[in-house]
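Single-structure report; data block below.
Read the figures in this text as sums done on the coordinates, not as results from a lab. Here the structure is a predicted model, which means the values were calculated and not measured. So basically every Cβ, Gly included, is an ideal-geometry build from the backbone, and we count neighbours across all protein chains shown.
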Amino acid sequence: MKENKVKSFHFMGGVPTDICNGIVDVFIKLEGDDFEYWVEIATPQALSSHMEKNKENFIEPGYPCIIVHELTPLVIREALEAFTVDKEDAFWLKLYHLTVEWNINDLNTILDRQKKRLKNEEEED
């Protein structure tokens, strides 16, 4: 398991004013990595408020967000560290960061690769 430590992070647009009901964009730098990753972080109350405002019973499909109890630097750092310590080099942080860049062709390529792998596994049995 490779551990990637959070070197620093900052909020786009400054520190959130309502720590219990909000959604923020956060930019993250990892130790030993000059790249700046971007993720969206939300509170459950913000998601609930969004559904009430739009008279919806669910959150519509969209960019995935990290959900935290409150938007404080301590809680956000804790969540980001959980997303960067992984068996595959900050897999979850990189996944959340990259999904905004993917298109349907990218997803179909991954699905095709998975189908081929599963078919090969079935043939081996």
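One table, with the values for the structure above:
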| quantity | calculated |
| --- | --- |
| Rounded FRET efficiency, nearest 0.05, which uses the C-beta distance separating residue 103 from residue 8 and R0 of 30 Å | 0.50 |
| Correct choice for Rg/Rh (Cα atoms, Kirkwood Rh) that was computed from the model, options [x] 1.06; [y] 0.97; [z] 0.92 | [x] |
| Proximal lysine pairs, the chain, alpha carbons under 24 Å, eight or more residues apart or interchain | 13 |
| Neighbour cut-off at most 14 other Cβ (10 Å), DSSP loop, chymotrypsin sites (Phe, Trp or Tyr not before Pro), the range 1-109 | 35, 58, 102 |
| Length added when fully stretched, residue 116-residue 57, from 0.36 nm per residue minus Cα-Cα | 17.5 nm |
| Packing-based ranking, highest mean first, of 104-115, 44-55 given that Cβ atoms within 10 Å are counted | 44-55, 104-115 |
